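K.L.:
Have a look at the structure that comes next, please.
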Amino acid sequence: MTMQPRRSRRTFLKGVATAGAASVTGLSGRRLLGAQSPNDRPVFATIGLRNQGWTITEKSLKFADFAALADCDAGVLGTFVDRVAKAQRGKKPDGYNDYRKILDRKDIDAVMIASPDHWHTKMAVDAMRAGKDVYCEKPLTLTIDEGKLIEKVVDETGRVFQVGTMQRTECDKRFLTAIALLRHGRIGTLKKITCGIQGMGSSPVIPEVAVPEGLDWDLWLGPAPKVPYRALPEMRKGYGGGVPLYSNCHYSFRNWHEYSGGKMADWGAHHVDIACWALGDSGKGPLTITPQDYKLACEYKDGHPVVHDRYNVATEFTLSVAMPNDVEMIITSKGDNGILFEGTEGRFFVNRGKITGKPVEDLKTNPLPENAIEEVYGGPVSANHTANFIDAMRSRKQPISDVWSHNRMLEICHLSNIAMRLGRKLEWDTTKREIVGDAQAATFLGRESRKGYEISG
């Protein structure tokens, strides 16, 4: 395939979602995605199953065939192989412990990655180098340097890459409506954005215990440091249930900086994303990140936790982020989960379940232009976020959640975590994408991968 030329961010964002206009009922004409398929549907594989892995797989079954699944937990793998086989009316996908066996297969067009966050970059880079398009869950990276690497590999390989920030496509178009309200001046000049993302809980001391049967613990750790498996007996209930409530593995990995970025990267990757999308080109910031109030789950020294037997991410926080054009962004664990937009002539609130405020009420008598939502999205809104990915695979254009805008947004989340770990304000050079005048803070922009799990540049 001929590699697409690198475009400016402005040009890129104008055309990023035009794939939304394409049909998702099947590939037209000759197959453009790789190996031939009898029914002309793309062939997918999912890496990392359980909660979100199944969610994105299930959404895609209408549009794609799944030939393979990979998970380093044998019990999880077997369960979801059977589940996909049932959904595909007996067409059973192959199951692999090691995702790299999927990448060796020439019949697979794209992979969907829903592993723990510390694996995202390596899996995505490996997949692109193997000629696969990629759908990867958010947050895309564990560090800012990883984001730059992914951008480089997308440019080099020309692969289509969708980030799983599904609020851009789904949620009954509430977030699209929010951005349309802003672009049509319904609150005047935007001055302040508050992203409520709630906090994380702390933990008691979590002891070393035997690795659960069927779990390849070394493979689960992958690029992260080699450490013992830890868990307490109490089991998690509800979403993500069936695993220990307190552990350094399934589901609870979000509470450890070794594997994730806490609530800041988990929910921040959703709401800060929408906030930056609303800002458009001015969303290239931040300029500064100032911790106002925060609490870490354990004691820190020089930016590193001093103990390793309990959660270590921020449990509570409020940070002020200075964005271009005198816009202040507040990221806080307090209040409702959602986004409050405030301008010179009004304000409104939006989350997955509602959009409220006078500008929203005024739509009854003063509706937005008929094509306002499509203008935000770049074309007709896709059936769901994975459908947009498949549309983009056909058109060979980048989808609605591209890596460049995602990484610029995620820089805010990563820098916020660094600022809290060190307990001080950070200044960011938006052009060089570097921390200004703080050598110690700059050491947190990347990470060293464990030997044998290096990420290829």
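What follows is calculated from the coordinates using simple rules that are stated; it is not laboratory data. Just so we're clear, the structure is a prediction, and the values are computed from it rather than from any experiment. Ideal geometry is used to build each Cβ from the backbone, glycine not excepted, and the neighbour counts take in all protein chains shown.
K.L.:
Please give me the summed charge of the neighbours of Thr57: other residues whose Cβ is under 15 Å from its Cβ, Lys and Arg +1, Asp and Glu -1.
P.N.:
+1
K.L.:
Same structure, new question: Fewest Cβ neighbours within 10 Å first, please rank Phe348, Phe63, Phe44 accordingly. Show your work: numbers first, answer last.
P.N.:
Working: Phe348 23, Phe63 20, Phe44 28.
Going from sparsest to densest Cβ surroundings: Phe63, Phe348, Phe44.
K.L.:
So for the stretch 86-245, averaging the separation of alpha carbon pairs under 8 Å that are six or more residues apart and normalising by length, what relative contact order in percent results?
P.N.:
This gives 14 percent for the stretch 86-245.
K.L.:
Where does the Debye-calculated log10 I(q)/I(0) of the stretch 210-355 sit at q = 0.08, 0.11, 0.14, 0.19 Å⁻¹, using only Cα point scatterers of equal weight, no solvent?
P.N.:
Debye curve over Cα of the stretch 210-355, log10 I(q)/I(0) at q = 0.08, 0.11, 0.14, 0.19 Å⁻¹: -0.31, -0.56, -0.83, -1.21.
K.L.:
Cut-off is 10 Å between beta-carbons; in what order do Val209, Val125 appear when sorted fewest neighbours first? Present the calculation step by step, with values, prior to reporting the outcome.
P.N.:
Details: Val209 14, Val125 21.
The order, fewest Cβ neighbours first, is Val209, Val125.
K.L.:
Dipole magnitude of the chain about its Cα centre, charges +1 at Lys/Arg Cβ and -1 at Asp/Glu Cβ only, in debye to the nearest 20?
P.N.:
900 debye
K.L.:
For the chain, what are the DSSP H helices with axial Cα length of 18 Å or more and mean Kyte-Doolittle hydropathy of at least 0.5?
P.N.:
Span-like helices here: 74-87.
K.L.:
Taking K and R as +1 and D and E as -1, what net charge do the other residues with C-beta under 13 Å from the C-beta of Asn97 add up to?
P.N.:
-4
K.L.:
Which part of the stretch 388-429 falls in the paramagnetic zone of Leu287, meaning amide N under 15 Å from the point 7 Å along Cα-to-beta-carbon?
P.N.:
426-429
K.L.:
Sticking with this one: Work through the residues other than Ala265 whose Cβ is under 10 Å from its Cβ and net out their charges, Lys, Arg +1 and Asp, Glu -1.
P.N.:
Around Ala265, the surrounding residues sum to +1.
K.L.:
Write down, largest first, the equivalent ellipsoid semi-axes of the stretch 340-413 in whole Å, where each equals the square root of 5 times an eigenvalue of the alpha-carbon gyration tensor.
P.N.:
28, 18, 11
K.L.:
Between the stretch 410-442 and the stretch 290-353, how many Å separate their Cα centres?
P.N.:
Computed from Cα coordinates, the inter-centre distance equals 14 Å.
K.L.:
Turning to a different aspect of this structure: Which residues does a label at Leu61 reach in the stretch 84-104, if reach means a backbone N under 11 Å from a point 7 Å past the Cα toward the Cβ?
P.N.:
Those under the cut-off are 84-91.
K.L.:
Just for the Cα atoms in the stretch 396-453, what are the lengths along the principal axes, largest first, rounded to whole Å?
P.N.:
42, 33, 19
K.L.:
Using 7 Å Cα-to-Cβ label points, what is the Val306/Thr189 separation (nm, one decimal)?
P.N.:
4.7 nm
K.L.:
How high is the relative contact order of the chain, given as a whole-number percent (alpha carbon pairs under 8 Å, six or more residues apart)?
P.N.:
Once divided by the residue count of the chain, the mean separation gives 22 percent.
K.L.:
Also: Rank His385, Thr356, Gly262 by how far each Cα sits towards the positive end of the charge dipole of the chain (+1 on Lys, Arg Cβ; -1 on Asp, Glu Cβ) and give me just the farthest.
P.N.:
His385
K.L.:
To continue, here is another question. Using R₀ = 22 Å, calculate the FRET efficiency as 1/(1 + (r/R₀)^6) where r is the Cβ-Cβ separation of Asp155 and Arg433; round to 0.05.
P.N.:
Once the sixth-power term is evaluated, E becomes 0.90.
K.L.:
Cross-link candidates for Lys173: which aspartates and glutamates have Cα within less than 17 Å, leaving aside residues fewer than 8 places away along the same chain?
P.N.:
Asp273, Glu361, Glu370, Glu374, Glu375
K.L.:
If you don't mind, another one. Arrange the following residues from fewest to most other Cβ atoms within 10 Å of their Cβ: Tyr135, Tyr239.
P.N.:
Ranked by crowding around the Cβ, least crowded first: Tyr239, Tyr135.
K.L.:
Let me see the pair-distance distribution of the stretch 281-379: every alpha carbon pair, 5 Å bin width, integer percents in order.
P.N.:
2, 9, 12, 16, 18, 14, 10, 7, 5, 3, 2, 0
K.L.:
For Lys106, go through the lysines and keep the ones whose alpha-carbon is under 26 Å away, minus same-chain ones fewer than eight residues off.
P.N.:
Answer for Lys106, where 26 Å is the Cα cut-off: Lys59, Lys62, Lys86, Lys91, Lys92, Lys122, Lys132, Lys152, Lys397, listed by chain and number.
K.L.:
Where does the Debye-calculated log10 I(q)/I(0) of the chain sit at q = 0.10 Å⁻¹, using only Cα point scatterers of equal weight, no solvent?
P.N.:
-0.72
K.L.:
Calculate for the chain the 222 nm mean residue ellipticity that helices alone would give, adding -39,500 (n - 2.57) per DSSP H run of length 4 or more and normalising by residue count, nearest 500 deg cm²/dmol.
P.N.:
Calculated mean residue ellipticity at 222 nm is -8500 deg cm²/dmol.
K.L.:
Let me ask something additional. Excluding residues on the same chain fewer than 8 positions from Lys237, give the lysines whose Cα lies under 22 Å from its Cα.
P.N.:
Counting by Cα, and skipping residues close in sequence, Lys237 has these lysines nearby: Lys263.
K.L.:
Taking every DSSP beta bridge with both residues inside the chain, roughly what % is antiparallel (nearest 5)?
P.N.:
Of all bridge pairs located within the chain, approximately 60 percent are antiparallel.
K.L.:
Right, another one. With only alpha-carbon atoms counted, please give the Rg and Dmax of the stretch 179-286, in Å.
P.N.:
Computed over the Cα atoms of the stretch 179-286, radius of gyration and Dmax are 19.3, 59 Å.
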